[in-house]
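Just so it is clear, none of the values below were taken in a lab; they were calculated from the coordinates. These numbers come from a predicted model, not from an experiment. Quick reminder, even Gly has a Cβ in these numbers, built from the backbone with ideal geometry, and neighbours come from all protein chains shown.
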Amino acid sequence: MLNLANRKTATGLFVVVLLAFFISAPLLSLFFASNLLGRQFTQAQAVTLSFWNNPYLQRVIVFSLLQAGLSTLLSVSLGLIVARAFARFGKFPLRHIILSLFGLPLVVPAIVAVLGIISVYGSHGWLPLGSKLYGLTGILLAHLFFNLPLAIRLLLPVWQSIPQQHWRISSQLSMTTRQQWKHLEWPALREALPGVVLLIFMLCLTSFAVVLSLGGGPKSTTLEVAIYQSLRFDFDPSLAVVLSLLQLGISLLLALLATKLTYKPDVEATLNTFNTQIPHSSSKLFLGLLIAVASVFVLSPLLAMIIEAFQGPINEVLTDSKLWQAAAFSLMIGLCAGLISVSLAWSLLSASTQHAYWGNKKLASLFELSGSIIYVVPPLVIGTGLFILLSQTINVFEWAIPLVIIINGLMGLPFVIRTLGPAIRQHTMRYQRLCAGLDLHGWQRFKQIDFPLLRKPIGLSMALVTSMAMGDLGVIALFGTPETATLPLLLYQRLSAYQIPQATITAVFLLMSCLVTFWLLEHFIGKQQKAQYA
Amino acid sequence: MLKIEQLKFSYPVTTSKAKKNTSNTHPMCFDLTVNAGEILSIVGPSGSGKSTLLNLIAGFDKAKSGEILLHGQDINHYDISKRPVTTVFQEHNLFPHLDVFTNIAIGIQPSLKLSYDEKLEINLALEQVGLFEYSSRKPAELSGGQRQRVAIARALVRKHEVLLLDEPLAALGPAMREEIIELLKQIVINENIMALLVSHQPSDAILASERCAFINEGKVLIIDETKQLLQHPQQAEIKAYLGLS
Amino acid sequence: MRYTPFILPVLFSLFFQTASAVDPNQSKPILTVYTYNSFTSDWGPGPKIKEAFEKNCGCTLKYVSLEDGVSLLSRLKLEGKNTKADIVLGLDTNLTAEAEATGLFAPHEMTIKKSSLPNEWKNPSFLPYDFGYFAFVYDKTKLKKPPTSLKELVEDKDAPKILIQDPRTSTPGLGLLLWVKKVYGDKANEAWAKLAPRIVTVSKGWSEAYGLFLKGEAPMVLSYTTSPAYHIISEKKDNYAAAKFSEGHYQQIEVAGLIKSSKQAELGKEFLTFMLSEDFQSLIPTTNWMYPASLSKDKLPDAYKSLVDPSPALLFDETEVAKNRKAWVKEWLNTLAK
């Protein structure tokens, strides 16, 4: 009778093994590459041994943790304040629009965001910070731009999950704001916070383009940047391996800590949570101001870019057929990466949910963790490692695009798991027995039940990964595809040909393409559809 | 005849807080018999293992040992889908995105490729539960009682000998309960089905069944005539359950 | 059926694989040239050179474009003997010694007839195709009195702020490092320490720094003496200029080489010959914005005549660079990271 469930476990385990392969194979092949290249094999050991005495490495690690820690602290604490303001302010006309706009930074390519941030805070920007921008300040600003809205969107549902009844009780007991926080909000938040903190910390730890562009120089070298430099310039694969393992180790430790702190309820609460009215004594003006400041902060870099683009030679750029080819090509890569990411995550989550359902929590979290952890292995390491591995046997250039797609798909996994995970869990709790009893399984079950009911989170996941992969520069640049350029690559080519105004327009075009793709996918996959009779 | 012998089960020991709170961590062992054309009521304190018993029969949980004999044949090792069993749950019996007709159809043919006879049968079942005019409505447009009737109609068209009713009345008002119970009784007799009804309300059990099993701490404490068992209880456990002590 | 979600993406990937594997001109031999991105972009010399070369060679010229010269070298090390390249175009003289050490390059057995280089070319494995001089570029309308020497830039506390590149990831960045070394010798560290407060940011590559400069983030940027030519020719703007430094300007020579294991050695040599011909060389000034390695001065665009005279040209011996690069970069790193 467990046949079906066993198959789910098997598929899940297959994906875990696949992911383990994509983490370990590149690292191993890089490690041995240092030997093949005639370098001393002991170098990696030497690096590891002298690790505690190496001031450069120490600085790198301290700075990585410092910037990621500070960015996370700022994003989450400010996110809490603004999310609370949103929850208390209640309904207002722009609320829905602002909250959807807060989803944007996640899909804005880092290179575009950096240009936007320089437009706002640069020497000639709206709010000039001068050369202070380059350094920790700039890094924190950019990370806040990316992660503050993310934190708000992840935390706001927590307020909505507090039952209306509890708020009514709190007002009958005439609780103060502080007591509300202590007895209602904090207990609910405590469960969600470790996951949110972990996600944002990992995003900041592995952030690459931001640190390179706004870091200001060697003072701001993070692990991710050091890995890049060890591979790109010094070509010292063993050092890259050691650094990658360090980053992986730190993230694993934190992930384990977070799973320990997180307590996921077995069954989702089905209390009425819609349109919760929160009684509060805060001044509406103050709450509104908080929301307004946060919105301006998030939207101004994008707006600045757009305004700048309109001052450039728009026609020249938009009528270039290369631009549209690149857009189509980027879209194809994005869609394929999205498809891969969603199907891998689906298998992992099915297996995970199955085991959570049986009370087998350890295995369940292994499935989810394996999907999230791959994110902290730099794509450059995966790419280079695979390149060495594969170049012995096949012509890597012919496989460049599939590889780019796969690596981008893998990098999207943590986001899909976060988006799709809770939905699949609830879905399984409700319909698992019913479907089993009705002998619904495999494709029929997916087509008739799972997809129609889960199309919203599936659409959102697909939209997320697709638009993220569209903005990717790192992986595609590594393989060096000749005839076809993606949009970010085209943007980069413009930049290296002195064409800054054209590059700005290309950047805004890239931004718009990501947004339109996101919107279209979310709406077309996510819409309701009727059952089909044959 | 459905005969359950020494059916043993225990939940895996976990460290999760959720499982610690419930009391059904003790080993369970069930023995009972249900006759064709009969509803057997299952009552007992919460956490005593009532739902687990149904899950074991349906195959959602796997018994460690023991036998589930249907006409003398042990179905304990069958896949969930191979067991001639249909379950009606307290809620979430229907898929919210499918209309009433499709919700029933999916119980016969997951692909929804229906023959003429099958469509006819669905309509007949709908008529039998009194929802013929509602066939194109979505579950959200129905009352709780109507939704349960759709689930019963689906059980009808599936034509399985064993019907497991896992608190199907819990979310309904008193008048609606009686209506559904009458419908169930009628169907069980007409189709010669073996039904097990888990219920919270002693009154439901009295109304629905001749015989009743009282389950406590994972075991069938006693099976007796429903009225006798619930209106003149002898055992301390039943008295405690009914609040008579 | 359970595996449907896997099959679909794999099919997609295969589609791309076959799409890129099928070449319409399979009958013709293919010459594969590894080069950098800005060379092959629509605005670089790549497309026109491909067209001109294919006219006579009866072959297909295929570019594989990587980020920059540094990634070319990394890629060669990565691929080793399995490399698919026939020609590598875009290394500079600071990388050639290390590139030669890979043992992948074949001697070119050619001489440059009409060299425009200030110094004689002797390297047996690589041939130059263009060269330039590093310089700090500024906007004449915003900066009236630029520093006139490297020493002034370094030592004057009120000298303008600058944007530079990282010597670990960019060739101009490495160029400045060597420039300072050439001028200051053992005192280079102290010079960097003095310069440090006026460095706005150290960017990854040339394009990021130049982009920031055009956005007005700093009055001066490390670039080439030839950069103003772009603004004069393409944008008809003459407000950008390179500051002439009295110590001279550090030179960068970009080269190409032939891969030993190439199956298209003949075609490869044909390409190198073409590279030094006027067809190729005359494209360089207005697409790569550098001085062509073999073109008489009167064939340069007019704009090039208005550029600063970079002499004397400063250049380290390539073996000296190869020997000391790591140590010098480390020194630099420790000074700037404080």
- Message: Expected output is a single nm value to one decimal: the length gained when fully extending between B:E5 and B:K62, i.e. 0.36 nm times separation in residues minus the C-alpha distance. What is it?
- Response: 19.1 nm
- As a percent rounded to 5, the proportion of antiparallel DSSP bridges among beta bridges in chain B is 50
- Message: From Cα pairs below 8 angstrom and at least 6 apart in sequence, can you work out the relative contact order of chain B, rounded to a whole percent?
- Response: 28
- Query: Can you pull the percent of Cα pairs in chain A with separation above 38 Å?
  - Reply: 30
- Message: Check the protein assembly as shown for me: any Cys whose beta-carbon has no other cysteine beta-carbon within less than 4.7 Å?
- Response: A:C204, A:C336, A:C435, A:C514, B:C29, B:C212
- State, to one decimal in nm, how far the label point of A:Q164 lies from the label point of C:W121, with both points 7 Å from Cα in the Cβ direction. 8.1
- Query: In the protein assembly as shown, how does Rg compare with the Kirkwood Rh, expressed as the Rg/Rh ratio over alpha carbon atoms?
  - Reply: 1.06
- Task: Diagonalise the Cα gyration tensor of chain C and give the resulting equivalent ellipsoid semi-axes, square root of 5 times each eigenvalue, largest first, whole Å.
- Result: 36, 24, 21
- Item | Partners for C:K145 among aspartates and glutamates (Cα-Cα distance below 20 Å; same-chain residues under 8 apart left out) | C:E155, C:D156, C:D158, C:E217, C:D238, C:E247, C:D309
- Task: Compare the Cα positions of B:V88, B:L7, B:A213 along the charge dipole of chain B (+1 at Cβ of Lys, Arg; -1 at Cβ of Asp, Glu; about the Cα centre) and return the one farthest towards the positive end.
- Result: B:L7
- Go ahead and collect, in residue order, the members of the range C:46-86 whose backbone nitrogen is under 11 Å from a label point 7 Å along the Cα-Cβ direction of A:N395. C:84
- For the range B:55-145, what's the relative contact order in percent, using C-alpha pairs closer than 8 Å and at least 6 residues apart? 24
- Please determine, in degrees from 0 to 90 and to the nearest 10, the orientation of helix C:4-21 with respect to the longest principal axis defined by the Cα atoms of chain C, where the helix direction is its Cα long axis. 80
- Add -39500 (n - 2.57) for each DSSP H run of 4 or more in the protein assembly as shown, then divide by its residues: what number comes out at 222 nm, to the nearest 500 deg cm²/dmol? -18000 deg cm²/dmol
- Query: How do A:K260, C:K269 line up, fewest other C-beta atoms within 10 Å first?
  - Reply: A:K260, C:K269
- Task: Tell me the label-point distance for the pair C:A265, A:L127, using the 7 Å Cα-to-Cβ offset, in nm and rounded to one decimal.
- Result: 6.5
- Query: Taking chymotrypsin sites (Phe, Trp or Tyr not before Pro) that fall in a DSSP loop and have at most 16 other Cβ atoms within 10 Å as cut points, what is the longest piece of chain A between them?
  - Reply: A:275-532
- Can you give the charge dipole size of chain A about its Cα centre, rounded to the nearest 20 debye, using +1 on the beta carbon of Lys and Arg and -1 on the beta carbon of Asp and Glu? 1700
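Please find the FRET efficiency linking A:R95 to A:W186, where r is the Cβ-Cβ separation and R0 is fixed at 30 Å, and quote it to the nearest 0.05.
0.80
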- Query: Sorted by mean Cβ packing within 10 Å, highest first, what order do the peptides C:153-164, C:113-124 take?
  - Reply: C:153-164, C:113-124
- To the nearest 10 degrees, how steep is helix C:46-57 against the longest Cα principal axis of chain C, on a 0 to 90 scale? 50
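To the nearest 0.05, what FRET efficiency results for A:R7 and C:T273 with a Förster distance of 56 Å applied to their C-beta separation?
Once the sixth-power term is evaluated, E becomes 0.30.
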- Task: Give the percent of DSSP beta bridges with both residues in the protein assembly as shown that are antiparallel, rounded to the nearest 5.
- Result: 55
- How well do other chains shield peptide C:171-183, expressed as the mean number of their Cβ atoms within 10 Å of each residue Cβ? 0
- Identify the chymotrypsin sites (Phe, Trp or Tyr not before Pro) of the range C:171-217 meeting these criteria: DSSP loop state and at most 13 other C-beta atoms within 10 Å of the C-beta. none
- Select from chain A the helices, each a whole stretch of DSSP H, whose alpha-carbon atoms run 20 Å or more along the helix axis and whose Kyte-Doolittle mean is at least 0.0; answer none if there are none. A:3-36, A:55-89, A:136-161, A:186-205, A:237-261, A:284-310, A:321-357, A:400-437, A:451-470, A:500-526
- Note on the structure: With R₀ set to 22 angstrom, the calculated FRET efficiency between the beta-carbons of A:V296 and A:W519, to the nearest 0.05, is 0.50
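What dipole magnitude, in Debye to the nearest 20, does chain B give about its Cα centre under +1 on Lys/Arg Cβ and -1 on Asp/Glu Cβ?
Taking the Cα centre of chain B as origin, the dipole is about 780 debye.
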- Item | Candidates B:S111, B:S41, B:S135: whichever shows maximal mean-square fluctuation once chain B is modelled as a Gaussian network with Cα springs under 10 Å | B:S111
- Scoring the range C:235-338 by relative contact order with C-alpha pairs under 8 Å, at least six apart, yields a percentage of 37
- Item | Dipole magnitude of the protein assembly as shown about its Cα centre (Cβ charges: Lys, Arg +1; Asp, Glu -1), debye to nearest 20 | 1860
- Query: In the structure displayed, which of A:K132/C:K161; C:K161/C:K244; C:K269/C:K299; C:K140/C:K215 lie more than 21 Å apart, Cα to Cα?
  - Reply: C:K269/C:K299
